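Asker: Would you mind keeping the following structure in view while I ask a few things?
The values are calculated or read from the model by the stated rules, or taken from the named source; none is laboratory data. Quantities reported herein were computed from a predicted structural model and do not represent experimental measurements. Don't worry about glycine lacking a Cβ; one is built from the backbone with ideal geometry, like all the others, and counts go over all protein chains shown. Each accessible area value is taken on the protein alone, full model and side chains, heavy atoms only, with ligands, DNA and RNA left out. Shrake-Rupley method; radii C 1.70, N 1.55, O 1.52, S 1.80 Å.
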Amino acid sequence: MGYPNKQSGENIPFLARLVSLADSLEAMTGIRPYHTSLTWEEAYGEIKKGAGTQFDPRLTTSFLLWMENHVIPIERNTETVMQTITSLLLT
């Protein structure tokens, strides 16, 4: 993917470009010990800024449209996240 194989643009496999967007969204909105997670709207803005540089511009347009129609609530409280995961595992 990309850098190690000196590929760029559409020469990078589609799935790799898509995973890059999804992974970036999770990294921005996920709970990390080293930074505060972004809201869905903040992550949307960051992904939009990266269109054409960090992310495939055409795929980013589709991904942002998906984000507009699939808002996933961002929980910034680790304890609440763990309680939710536990309750899901117990059902």
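Asker: Name the residue that is farthest from Gln7 (Cα to Cα), counting only residues in the range 41-58 that are in contact (Cβ under 8 Å) with a residue 12 or more places away in the chain, assigned to a helix (DSSP H, G or I) and open to solvent by 20 Å² or more (accessible area, probe 1.4 Å).
Answerer: So, considering only residues that are in contact (Cβ under 8 Å) with a residue 12 or more places away in the chain, assigned to a helix (DSSP H, G or I) and open to solvent by 20 Å² or more (accessible area, probe 1.4 Å), the one farthest from Gln7 (Cα to Cα) is Glu42.
Asker: Output the residue which, of all residues in the range 28-40 that are of a type in the set (S, T, N, Q) and not in a helix (DSSP H, G or I), is farthest from Ile12 (Cα to Cα).
Answerer: Ranking the qualifying residues of the range 28-40, first place goes to Thr36.
Asker: Across the range 16-40, what is the number of residues that are loosely packed, with under 12 Cβ neighbours inside 10 Å and farther than 20 Å from Thr60 by Cβ?
Answerer: Count: 5.
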